[in-house]
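Input: a single structure, listed below in structure tokens.
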Amino acid sequence: MATLLKSNGKRVEDVDISTLKEMQELVGGYIEIVYLPEGKCLIINEEGNLFGLPLNQQATELYGHPIVGEVIYAQSSEIN
């Protein structure tokens, strides 16, 4: 199952990403998918920079570029 990486550094394991609505609620808006190596991905708020969301250090380290807001870390195969 997917993990929610919160911008405050906390992690929430086994979040439900079975629907678009669930993913949007978790990231707080429209989603964008960033693909990572080894079949992983980050599901981020597409407009996070426009809204001035805080830096998500965990997601930034995984991707190698700044990522903001709440982020879902998942296997690419989990996305419908």
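Go through 33, 72, 43, 17 for me and flag whichever is in contact with a Cys (Cβ under 6 Å, 6 or more places away or on another chain) and β-branched (Val, Ile, Thr). Can you show your working first?
On the way: 72 fails: in contact with a Cys (Cβ under 6 Å, 6 or more places away or on another chain); 43 fails: in contact with a Cys (Cβ under 6 Å, 6 or more places away or on another chain); 17 fails: in contact with a Cys (Cβ under 6 Å, 6 or more places away or on another chain).
None of the others qualify; the one that does is 33.
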Would you check if residue 72 is under 11 Å from the mean Cα position of the chain (by Cα) and without any contact (Cβ under 8 Å) to a residue 40 or more places away in the chain? no
Which one is surrounded by the fewest Cβ atoms within 10 Å (Cβ to Cβ), of the residues in the stretch 17-34 that are of a type outside the set (A, V, I, L, M, F, W, C) and in contact (Cβ under 8 Å) with a residue 12 or more places away in the chain? 19
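Output the strands (runs of 3 or more DSSP E) that fall wholly within the stretch 31-80 and possess 2 or more residues being closer than 14 Å to residue 10 by Cα, or say none. Working first, answer last.
Numbers: elements: 31-35, 40-45, 71-75.
Correct list: 71-75.
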Tell me which residues, restricted to the stretch 1-22, are more than 14 Å from residue 41 (Cβ to Cβ) and among the hydroxyl-bearing types (Ser, Thr, Tyr). 7, 18, 19
Just a yes or no: is a residue in the stretch 1-14 among the β-branched types (Val, Ile, Thr), surrounded by fewer than 19 Cβ atoms within 10 Å (Cβ to Cβ) and in a loop (DSSP other than H, G, I, E, B)? no
Among the residues of the stretch 36-54 satisfying the criterion of being within 21 Å of residue 2 (Cβ to Cβ) and among the small types (Gly, Ala, Ser), which is surrounded by the fewest Cβ atoms within 10 Å (Cβ to Cβ)? 39
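Read the figures in this text as sums done on the coordinates, not as results from a lab. All values reported here derive from a predicted model rather than from experimental measurement. Every residue, glycine among them, receives a Cβ derived from its backbone with ideal geometry; neighbour counts consider all protein chains shown.
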